[in-house]
Amino acid sequence: MNDSQTSEQHANDSGVLNRFRAFIASTEIDTRFAGMVIALVVIWTAFHILSGGDFLTSRNLWNLSVQSASIAVMATGMVLIIVSRNIDLSVGSLLGFLGYVMAMVQTRWIPDAFGFEHWYIWIVALIVGIALGAALGAVQGSIIAYGGVPAFIVTLGGFLVWRGLIFRMGEQGQTLSPLDGTFQLIGGGPKGSLGEWRSWVLGLLGCIGAIASIYFNRKRRRKYDLAVRPLPIDIGLAVFGCVVIILGIALIAVGYESPITGAPTGVAYPVVILIAITIGMVYLSRRRRFGRYVYAIGGNPEAAELGGINTRRTVMGTFVLMGVLCAVSAAIQTARLNSAVTNLGVQNELDVISAAVIGGTSFAGGIGTISGAVLGAVIMQSLRSGMVLLRIDSPSQDIVVGVVLVSAVAIDAALRQGKRRTAGIALAVGLVVAALIIQTGRQ
Amino acid sequence: MSDTKVPLVELRDIRVSFGGLHAVDGVTLTLNPGEVVALVGGNGAGKSTLMHTLAGAHPADSGQILVNGEPVTIATPRDARAQGIEVIYQKLALAENIDAAGNLFLGRELRTRTGALDDSAMASATRDVLKRLNPRFKNLNTPVKSLSGGQRQSVAIARAVHFNAKILIMDEPTAALGPAETAQVRELIEQLKSEGIGIFLISHDIHDVFDLADRISVMMQGRLVATVEKSKVTKDEVLAMIIMGQRPGGAN
């Protein structure tokens, strides 16, 4: 999935450099995305060394993948909202409310009427959650799109309302537990994963998918006599993609042996859900009209309107989608905790927005990719998890994440304007401050 | 341009008001096939608003629009396009973050059988139409942000050409361009005219107007001062109409 947002080329350097740039351009690899991958590798290596070899272990990476999933799922929707020049501050509260409602369905409403442990409980709970998420997203979206109230205000209201409703419904803020046995699997855990052979099947499907998408893209472009990437580069990309998938499955998923059963756990269900949603959202954003319109609105709302695009319906659609994704994340989080608590999802809006922004989404509108946001969520979670490993206290963690967020955006903004020196300064300042906080925050 | 033919477009007694302000106040205009009618006037004269009405961007409060003699309803940009009306806006109306093909087909995307965007087909069609308009155009896959003003204007014009516009509205088409690019756009206008397309040209540049237009309509404070044949007036007379609303002797 090459979300290509090719940055402008500045042709004022020497010939070798230009030829190298031309080569990079011909691969159509998104340079911003590549930069983030490099940042992730640096972060992982640094934590691995600092923690004395505890970071890059199957156990830690498996946990990291599960912990990233719920934020990453929501971040894919937040990208489209920010791209169309809006914001959603309500996602944390909405997630809490939807999680609470799904827990109510399982622990109160259905058992009171029909008794416990019916096979269909988890399905009903999930459907209720997703439908309610879509409906509440539609309420917020319609006030924004048709009522003309700024998204910041509407979702700030939602932030308060949804959180408040949890307490009204929850009989003085009671914790709801335990949840349905099948529902719990959505959250991962020892039983909530694919197991060894299914994980390999998933990996194989991933490889076939990667090769097929490269092949069909080539074929389509050939058909219309358009320029195609050089064959060796396409083959290289396919091989590289497959190696990454296979290594990921071998090292992270199958490599982690369950502490309870002793057998390889395989890919956790939340991660399977994240993969499915990421593929779906990339397809929606890049290959469907809806996605094209979201980007057009972000790039030039007037042009979109004059192009005959129903901009209001499109904006409303992004909020409906966000509501659905909040429901999915709510299911993951409640299932993982095996309970619904009143402070479920507190501050999630900040994590989700940070993930999108670290992933290259611009508040100016029109720019941002789904895969970038997922990577942003993984970067955020890597920082958190690495600092926990180093026993850094929670306030210091917040400081580091805040510093990283601001410097990441500063670097991105500087690079967009071609100011490489400014980008370098932002990078250096961010690194020094983060290192200082980490060093002094160790307990 | 004979009087016996049915005009391509006829705007009859169009009125548009914003609150209490009459932005367009009972204007009647015609446009014939292969003709360029320039719409001139000071700021706030109502020329852009009038054209927005024809383009479906801002519906009229009252009045009638006829295309080929048939009364039509134009309430949205989609309605206008269905009548073969295309607009090239002053501020280019392109989404800067999207490539040339995406912009050319914006709102009218080609899709595959599964309903997905057919990017290859759109890129191919865009390449073909741009080859006709601007042979040096190469950057099909980059966001239009990185293109020059002339190249962007090519994309905007390509949109009109590709969708077989019968009626073209050009709002200051050369305002953002350098001299060479302006010459190119002028050439294009001549070419489109010879293909029988009718063009409304909104312009501040009196030289552009005299070089390109067949007839000149002058507006002031929402009203039509007069429509004159270019050959029968001088630049000074037109300027007097724009500034003081003064009709010259030969105007109807």
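Listed here are the residues, each with its yes/no results for (1) modelled with pLDDT under 95; (2) surrounded by fewer than 18 Cβ atoms within 10 Å (Cβ to Cβ).
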site: A:Ala135; (1), (2): no, yes
site: A:Gly158; (1), (2): no, no
site: A:Ile166; (1), (2): yes, no
site: A:Met169; (1), (2): yes, yes
site: A:Thr175; (1), (2): yes, yes
site: A:Asp180; (1), (2): yes, no
Which listed residue, of B:Val185, B:Val209, is without any contact (Cβ under 8 Å) to a residue 40 or more places away in the chain and within 25 Å of B:Leu11 (Cβ to Cβ): B:Val185
Condition met for A:Ala276 (farther than 21 Å from A:Ser213 by Cα and small (Gly, Ala, Ser)): no
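Condition check ((1) more than 21 Å from A:Ala46 (Cα to Cα); (2) at pLDDT 90 or above; (3) among the basic types (Lys, Arg); (4) part of a loop (DSSP other than H, G, I, E, B)) across all residues:
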position	(1), (2), (3), (4)
A:Ser354	yes, yes, no, no
A:Arg384	no, yes, yes, no
A:Val388	no, yes, no, no
A:Val406	no, yes, no, no
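For the range B:79-101, what are the residues that are of a type outside the set (D, E, K, R), at the interface with chain A (Cβ under 9 Å from one of its Cβ atoms) and either farther than 18 Å from B:Pro173 by Cβ or in contact (Cβ under 8 Å) with a residue 60 or more places away in the chain (or both)? Walk me through it before giving the result.
In the first step, residues of the range B:79-101 are kept if they are of a type outside the set (D, E, K, R); the result is B:80, B:82-85, B:87-90, B:92-95, B:97-98, B:100-101.
Now narrow it down to the ones that are at the interface with chain A (Cβ under 9 Å from one of its Cβ atoms): B:80, B:87, B:89, B:92-95, B:97-98.
Matches in the range B:79-101: B:Val87, B:Tyr89, B:Leu92, B:Ala93, B:Leu94, B:Ala95, B:Asn97, B:Ile98.
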Given (1) open to solvent by 60 Å² or more (accessible area, probe 1.4 Å); (2) in contact with an Asp or Glu (Cβ under 7 Å, 6 or more places away or on another chain), number of the condition A:Ile121 does not satisfy: (1)
Checking A:Arg442 against (1) touching a Leu at 6+ places or on another chain (Cβ under 8 Å); (2) open to solvent by less than 70 Å² (accessible area, probe 1.4 Å); (3) not aromatic (Phe, Trp, Tyr), the condition it does not meet: (2)
Elements of type helices (runs of 4 or more DSSP H) contained in the range A:65-180, each with 3 or more residues being under 30 Å from A:Ile367 (Cα atoms) and in contact (Cβ under 8 Å) with a residue 40 or more places away in the chain: A:91-104, A:121-145, A:151-169
Subset of the range B:228-243 [of a type in the set (Val, Ile, Thr) and assigned to a helix (DSSP H, G or I)]: B:Val238, B:Ile242, B:Ile243
Subset of the range B:112-128 that is more than 7 Å from chain A (Cβ to nearest Cβ) and either touching a strand residue (DSSP E or B) at 6+ places or on another chain (Cβ under 7 Å) or buried (at least 20 other Cβ atoms within 10 Å of the Cβ) (or both) - its residue that is nearest to B:Leu140 (Cα to Cα): B:Thr126
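Restricting the search to the range A:53-64, which residues are assigned to a loop (DSSP other than H, G, I, E, B) and open to solvent by 20 Å² or more (accessible area, probe 1.4 Å)? Lay out the reasoning, then the answer.
To start, the set of residues in the range A:53-64 that are assigned to a loop (DSSP other than H, G, I, E, B) comprises A:53-57.
Matches in the range A:53-64: A:Gly53, A:Asp54, A:Leu56, A:Thr57.
Hey, among the residues in the range A:415-438 that are farther than 22 Å from A:Arg384 by Cα and within 24 Å of the chain's Cα centre (by Cα), which one's least open to solvent (accessible area, probe 1.4 Å)? Full working, then the answer.
Our first condition is that a residue be farther than 22 Å from A:Arg384 by Cα; within the range A:415-438, this holds for A:415-425.
With the extra rule that they be within 24 Å of the chain's Cα centre (by Cα), the set shrinks to A:415-416.
Numbers: A:Leu415: 92, A:Arg416: 68 Å².
That would be A:Arg416.
Checking the structure you have, find out if any residue of the range B:69-78 is in contact with a Gly (Cβ under 8 Å, 6 or more places away or on another chain), on the phi < 0 side of the Ramachandran plot and more than 8 Å from chain A (Cβ to nearest Cβ). If you could, list the steps in order and put the result at the bottom.
So the first thing to find is which residues in the range B:69-78 are in contact with a Gly (Cβ under 8 Å, 6 or more places away or on another chain), and the list is B:74-78.
In the following step, the residues that additionally are on the phi < 0 side of the Ramachandran plot were identified as B:74-78.
Filter once more, keeping what is more than 8 Å from chain A (Cβ to nearest Cβ): B:74-75.
Yes, because at least one residue in the range B:69-78 is in contact with a Gly (Cβ under 8 Å, 6 or more places away or on another chain), on the phi < 0 side of the Ramachandran plot and more than 8 Å from chain A (Cβ to nearest Cβ).
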Enumeration of residues in the range B:137-190 that are within 13 Å of another protein chain (Cβ to nearest Cβ), part of a helix (DSSP H, G or I) and either on the phi > 0 side of the Ramachandran plot or among the β-branched types (Val, Ile, Thr) (or both): B:Val144, B:Val155
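What tally of residues in the range A:415-443 results from selecting those that are of a type outside the set (Lys, Arg), in a helix (DSSP H, G or I) and over 16 Å from A:Val400 (Cβ atoms)? If you could, list the steps in order and put the result at the bottom.
The initial filter retains those residues of the range A:415-443 that are of a type outside the set (Lys, Arg), namely A:415, A:417-418, A:422-441, A:443.
Okay, now just the ones that are also in a helix (DSSP H, G or I), so A:415, A:422-441.
Right, trim to over 16 Å from A:Val400 (Cβ atoms) and you get A:415, A:422-425.
Adding up the residues that qualify gives 5.
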Residues of the range A:48-79 satisfying the condition of being under 12 Å from the mean Cα position of the chain (by Cα) and either among the charged types (D, E, K, R) or modelled with pLDDT of 95 or more (or both): A:Ser68, A:Ala69, A:Ser70, A:Ile71, A:Ala72, A:Val73, A:Met74, A:Ala75, A:Thr76, A:Gly77, A:Met78, A:Val79
Criterion (within 14 Å of another protein chain (Cβ to nearest Cβ) and on the phi > 0 side of the Ramachandran plot) met by exactly one of A:Gly308, A:Gly298: A:Gly308
Single match in A:Thr278, A:Thr318, A:Thr334, A:Thr261 (criterion: over 30 Å from A:Trp200 (Cα atoms) and either open to solvent by 10 Å² or more (accessible area, probe 1.4 Å) or outside any loop (DSSP other than H, G, I, E, B) (or both)): A:Thr318
Enumeration of residues in the range A:225-251 that are within 14 Å of chain B (Cβ to nearest Cβ) and open to solvent by 50 Å² or more (accessible area, probe 1.4 Å): A:Asp225, A:Ala227
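Against the condition under 18 Å from A:Ser362 (Cα atoms) and in contact (Cβ under 8 Å) with a residue 24 or more places away in the chain, how does A:Val403 come out, does it pass?
On the way: under 18 Å from A:Ser362 (Cα atoms): yes; in contact (Cβ under 8 Å) with a residue 24 or more places away in the chain: yes.
Judged against the criteria, A:Val403 is a match.
Starting from residues that are open to solvent by 10 Å² or more (accessible area, probe 1.4 Å) and either out of contact with any helix residue (DSSP H, G or I) (no Cβ under 8 Å at 6 or more places or on another chain) or in contact (Cβ under 8 Å) with a residue 12 or more places away in the chain (or both), keep the ones in the range B:102-111 and report whichever is nearest to A:Asn310 (Cα to Cα). If you could, list the steps in order and put the result at the bottom.
Here is the first cut: in the range B:102-111, the ones open to solvent by 10 Å² or more (accessible area, probe 1.4 Å) are B:108-111.
When the remaining residues are screened for being either out of contact with any helix residue (DSSP H, G or I) (no Cβ under 8 Å at 6 or more places or on another chain) or in contact (Cβ under 8 Å) with a residue 12 or more places away in the chain (or both), the result is B:108-110.
Details: B:Arg108: 12, B:Glu109: 14, B:Leu110: 17 Å.
Filtering first and then ranking leaves B:Arg108.
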Tally of residues being surrounded by fewer than 18 Cβ atoms within 10 Å (Cβ to Cβ) and either touching an Asp or Glu at 6+ places or on another chain (Cβ under 8 Å) or aliphatic (A, V, I, L, M) (or both) across the range A:30-42: 6
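The values are calculated or read from the model by the stated rules, or taken from the named source; none is laboratory data. All figures in this text were calculated on a predicted structure; none of them were measured in a lab. Neighbour counts are summed over all protein chains in view; Cβ atoms, including those assigned to glycine, are modelled from backbone coordinates with ideal geometry. These area figures cover heavy atoms from the full protein model, side chains too; ligands, DNA and RNA do not enter into them. Shrake-Rupley method; radii C 1.70, N 1.55, O 1.52, S 1.80 Å.
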